[in-house]
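Beneath this line is the structure, given in structure tokens, with notes to follow.
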Amino acid sequence: MIELVVLLYLAPIFCSIPIAIAWGMEKKPDYARRLPILSVFGLFISLLVALYILFNVPDGKYVINWLPEYNINFVFIFDYLSKYMGALTAFIAFLIGVYGLEYMKDDYRLGWYWMFFNVFTASMLLVVYSDNLLMLLIGWEGLGLASWGLIGHWFRDDDPLSYVGIIGRKVWKLNMFWSPSFGGWRAISTIRFGDMPMFFAVAAIYALTGSLNISEIDWAALFHHIGTAGTLILMLCFLMGPFTKSAQLPFSEWLMTAMTGPTTVSALLHSATMVAAGTYLFMRISWYIEPWHVHSLGLEYVYILVLFLGLLSALYGAVVATGCLERKVLLAASTMSSLGLMFASAAASMWIGKIALYVAFWYLIVHAFAKATLFLVAGHLIHVTHNRFCVGDIDVARKMRLAFIVTIFATISLSGIPPFTAYWVKSAMDEVMHHLIHEFGALPLTLLILTSIAYAAFLAKFLSLNFINGEKTHLHLHGGYVMGLAYSAMVSMLAVLLVIIVGKLEPHAGEFLKEGFVVNSFIVGIAVLASYSFALYIPRIRQLSPIGTFLSDRMYLPFLNDFILPKIGWFIAKIIDYCNKAIDFFCHKAIPSAFEGWSIGIRAIQSGELSRYIKIVVGCVILVLAIISVLGW
Amino acid sequence: MELSILIALVILSLGAASVFKDTRLVLATSLIALAVAFSATWNAYTFFIATIAALNIASLEIMKRSQIKGLDYALVALMAIATIYVFFVNDFAMLLAMFVVVSVPTYLLVMVGDGKSNVDVGIKYVTFMVLATILFIIGAVLLVNSPYSSLMYVIGYTTLILGLCIEIGVAPMHEWVPDVFTAADPIPISIIASLAKFVPIVIAYKILVSTANPLTPFVTMILAILAAISMFIGNIGALTSKETSRILAYSTVANMGYILATLTVVINFNWIYLALTGAMLQLIVNSAGKIGFFTAIKEGKGSTPLMYTLALSFIGLPPLMGFWSKLFILTSLVYVGYVWLAIVLVINSAISVPYYIRIARNLSKGWVLSFANAIALITVLIVLITIVPPDWFVEAMKEFSKILFISGV
């Protein structure tokens, strides 16, 4: 077992060390540009191990002692969630790695790229398989670090293709364009903001229960012990990590500007790692908290919050995406939307039971493949059009037939058009939200349907503006075979998933099938289809362009990130600056000069005159005797 | 014991008479008398007293042209015998006599110098000492004869403390200290700053413990305030002084503040042994440091490691003796309830750091091989003794605290 674990994590990292070293050399050796193949080989080993775990390792835990006297150990858990998620992560990372061989072949910083790419994958695998919260945090922070490295990969900020937003555009005082280095900073700062409370929450969980293993903690007793307010505070602190990592409102901005990184990074970040880590963690703890069995008011409040935060983020992301004209930013907004749906669905488990977690998890899987595919296609398009905005008419579809077909299949599979893959999962999700009518009325279901309709619309818009109805553009076609192979393989997984669901090859996924035949679900499916068709036909409505601008400016949420928060930060910095100056003044000026003055004053008595001394001493003696006589009377 | 002291005094007198023959004879008889007195009382604290006295006598060798060459050995030996004896005396009249016996030789010593005698300094010093002796003796007599818990006790206590303050140089009655320390010859000053300080403190302990009554906590306030003032004035005054002997003068004022503070223990007899340990160790630290520094001043230079060790001992760095003395003073202060005074002491220890380092830096000149430096080396060995934690000294002080009471009071 230990060999498997070591291979799983260390193979990708060790295989990327040669290129990191080679690239750091004063004079790059000739073979350096061939070393990425070794990195991808490391990813391939990880994939093999993950597949082996999926098919051959029984459910259970594997423990490597670390600090046994404190009950803190490396605990690897192999259960339904981690086995599938691990295989998914390794598979997608490997395919994107293959794609990256071609996509990144002329890059100027390959050592940096591959090292962080593989650390990213290994970190995610650590998050996926860990039962121990401290070990999970190690992976979690690895993700944060690697995301910073990768989003800011093109740190020279010299390539307009790597920016987000229209360069030079200003709204009021604020620049509405973001460079790669700024994007990296926004990512790490937002994530750290959430990680801090999460870290304290983990510490509190350990202090309160004496254990860090998610599957072993008696959650019900814990919540009972700390009461409603305690549960609220603890869980909200803990969920700040997932909320920021998975870019839920109002922490979504970093995700949009994470598009400054290479497209491969966006693809990996948005499908199986990083953002998925947040929802995955929420599913994992819900899996073991079993909120449907816990009677805790505080926990119920938390799940209500997650439900509606998820639904609102989903709607926000979908609506914003309909207004976006940048290929990758559009997809980024859509990812945020999907993550919201995952959170909402997982939160519904509080009232519906474990089935809601299965729905959320399967949606994660479907979304991962589809979104990775779309990002890889977008990357290919950016390469051949030298443009990060949506451009391309039917000519593009003709010349890039494979990309065109892949995009069609990915979009219809993801938007939930019957009978394609996501339709069955979405139907189950409709049913979950439908069940919540008893608790919250029709609001959750309404939000979900609105999100689904907007979701289909922007996916169709993406297809239409890039391949059918967009502006005419010049294509620089050369190569692209490896990239095509990678996204074809990726999209084919959607077909595999469809077979698994429809063929009931996986018992839980098979459950979704009957939800697909419910009339309501079918009606929603038709509405989605209508929305998709409409947007395909009319991708842009010029008359509505002010609204579109408002949406593509992400409803001016950047002001929160780039204006209000910095103002608060500067305010605090100013206060600290004043405190610093005060301390400097006291320590370097006031106190020394006061002591100097006193010291000189004390020594000024010494005139050398005896009569003066005697006067002082006799005066003191008489004074003290007088005082003591009066007091002692 | 009395017999041995008598024998020592006889040896000393005969030796002193031989000053007209040979001064080296006086040196020998002084040391023999000291040895006789010490062998009769063989004890941890008398050991330190005898060592310090021997160092004082040895340091007089450095003065080449003393006006009372030869006699000065005998005077210091006399002081040392009185200091050893005072620990064991329970008779009130004898205590006062010892006070005078230790005080008067210093009048003479302070005027001694290499070359011409310092009469100006002598007058200043003697004036203060006379005032101190009168106040101390009046206070002592009032205390011993006052009715139990009366105003007379209060006045007697205060008078005695004021006398003590002038005698040992506690602020704000410290005016003589900086002048005398800078103007007189360093060698006699090292004696006044070391050996002469023990007797007044021991006598004050004995009298105050013997006369304690319900009014004591009230009058102890004035003592604590004087101690705090002395710490601040001593340490702050030393901060910006440039002349080394002036810094040491203010350092003495501060150190006497620390020692005076231990007298607050009279309000709670349980911790007398702790306070005594602190006070005696601090006196020893002060003596060792002053002897080491003043002999270096006389010489104009000192060995770097020795000077820094002495400075660090004054600052209170473990395991040097200066750490233990302050530790015991602080614990006794906290136990008797004078927490604020303990805090003041800690603050003052911090204030004192720069000037002690400055003294060490002023005097340090690499490696110096000389007789003065050998004396400094022995003082360093004294402050290094507490590498062995001083439980043994605490035990000795426990024994001593049992014989503290004056008979017939």
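The values are calculated or read from the model by the stated rules, or taken from the named source; none is laboratory data. All of these numbers come straight from a predicted model, not from anything done at the bench. Counting neighbours? That spans all protein chains shown, and the Cβs are built from the backbone with ideal geometry, glycine included.
A few comments on the model shown:
- Residues in region A:46-98 that are out of contact with any strand residue (DSSP E or B) (no Cβ under 7 Å at 6 or more places or on another chain) and acidic (Asp, Glu): A:Glu69, A:Asp79.
- Checking every residue in region A:170-192 against the condition of being in the same structural domain as A:Phe550 (by TED's automatic domain parsing), under 18 Å from the mean Cα position of the chain (by Cα), farther than 21 Å from A:Trp140 by Cα and not polar (S, T, N, Q) gives at least one match.
- Failed condition for B:Val154, given (1) more than 10 Å from chain A (Cβ to nearest Cβ); (2) more than 19 Å from B:Ile247 (Cα to Cα): (1)
Quick grid of which residues meet (1) among the aliphatic types (A, V, I, L, M); (2) in contact with a strand residue (DSSP E or B) (Cβ under 9 Å, 6 or more places away or on another chain):
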site: A:Glu216; (1), (2): no, yes
site: A:Gly241; (1), (2): no, no
site: A:Ala247; (1), (2): yes, no
site: A:Leu268; (1), (2): yes, no
site: A:Phe282; (1), (2): no, no
site: A:His293; (1), (2): no, no
site: A:Leu297; (1), (2): yes, no
site: A:Phe308; (1), (2): no, no
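- Exactly one residue out of A:Ala93, A:Ala50, A:Ala32 is closer than 19 Å to A:Ile13 by Cβ, at pLDDT below 90 and not aromatic (Phe, Trp, Tyr): that is A:Ala32.
- Just one of the listed residues (B:Ala171, B:Ala183) is surrounded by fewer than 24 Cβ atoms within 10 Å (Cβ to Cβ), within 9 Å of chain A (Cβ to nearest Cβ), out of contact with any Leu (no Cβ under 7 Å at 6 or more places or on another chain) and in contact (Cβ under 8 Å) with a residue 60 or more places away in the chain, and it is B:Ala183.
- Residues that are under 29 Å from A:Glu26 (Cβ atoms), crowded, with 23+ Cβ neighbours inside 10 Å and modelled with pLDDT under 90 do not occur anywhere in region A:113-123.
- Members of region A:397-416 that are surrounded by fewer than 23 Cβ atoms within 10 Å (Cβ to Cβ) and either not assigned by TED's automatic domain parsing to the domain that holds A:Val496 or not small (Gly, Ala, Ser) (or both): A:Arg398, A:Lys399, A:Arg401, A:Leu402, A:Phe404, A:Ile405, A:Ile408, A:Phe409
- The set of residues from region B:23-40 being in contact with a helix residue (DSSP H, G or I) (Cβ under 9 Å, 6 or more places away or on another chain) and either among the hydroxyl-bearing types (Ser, Thr, Tyr) or farther than 15 Å from B:Glu2 by Cα (or both) comprises B:Thr23, B:Leu25, B:Val26, B:Leu27, B:Ala28, B:Thr29, B:Ser30, B:Leu31, B:Ile32, B:Ser39.
- Filter result for the condition that a residue is buried (at least 21 other Cβ atoms within 10 Å of the Cβ) and either part of a helix (DSSP H, G or I) or in the same structural domain as A:Val202 (by TED's automatic domain parsing) (or both), over A:Leu136, A:Leu145, A:Leu101: A:Leu136
- Here A:Lys83 passes the criteria (1) farther than 18 Å from A:Ala277 by Cβ; (2) crowded, with 20+ Cβ neighbours inside 10 Å; (3) without any contact (Cβ under 8 Å) to a residue 40 or more places away in the chain except the one numbered (1).
- Residue in region A:465-478 that is over 30 Å from A:Ala87 (Cα atoms), modelled with pLDDT of 90 or more and of a type in the set (D, E, K, R) present: no
- Any chance A:Phe282 is crowded, with 23+ Cβ neighbours inside 10 Å and more than 23 Å from A:Val128 (Cα to Cα): no
- Within region A:348-442, helices (runs of 4 or more DSSP H) holding 3 or more residues that are at pLDDT 90 or above: A:349-352, A:354-385, A:401-415, A:421-435
- Taken across region A:464-475, residues that are touching a residue at least 60 places away in the same chain (Cβ under 8 Å), under 24 Å from the mean Cα position of the chain (by Cα) and either under 22 Å from A:Val528 (Cα atoms) or not assigned by TED's automatic domain parsing to the domain that holds A:Phe361 (or both) do not occur at all.
- Total residues in region A:351-367, condition small (Gly, Ala, Ser) and crowded, with 24+ Cβ neighbours inside 10 Å: 2
- Filtering region B:225-234 to residues that are of a type outside the set (Gly, Ala, Ser) and either more than 9 Å from chain A (Cβ to nearest Cβ) or farther than 16 Å from B:Phe181 by Cβ (or both) leaves B:Ile225, B:Leu226, B:Ile229, B:Met231, B:Phe232.
- Listed by position, the helices (runs of 4 or more DSSP H) enclosed by region A:516-633 that each have at least 3 residues that are within 14 Å of another protein chain (Cβ to nearest Cβ) are A:591-604, A:610-632.
- Residue count for region B:304-348 satisfying the condition of being on the phi < 0 side of the Ramachandran plot, buried (at least 20 other Cβ atoms within 10 Å of the Cβ) and not in a helix (DSSP H, G or I): 2.
- Summed over region B:111-125, residues that are buried (at least 19 other Cβ atoms within 10 Å of the Cβ) and either within 11 Å of chain A (Cβ to nearest Cβ) or not in a helix (DSSP H, G or I) (or both) total 6.
- Filter pass, A:Val496 being under 18 Å from A:Leu88 (Cα atoms), surrounded by fewer than 20 Cβ atoms within 10 Å (Cβ to Cβ) and β-branched (Val, Ile, Thr): yes
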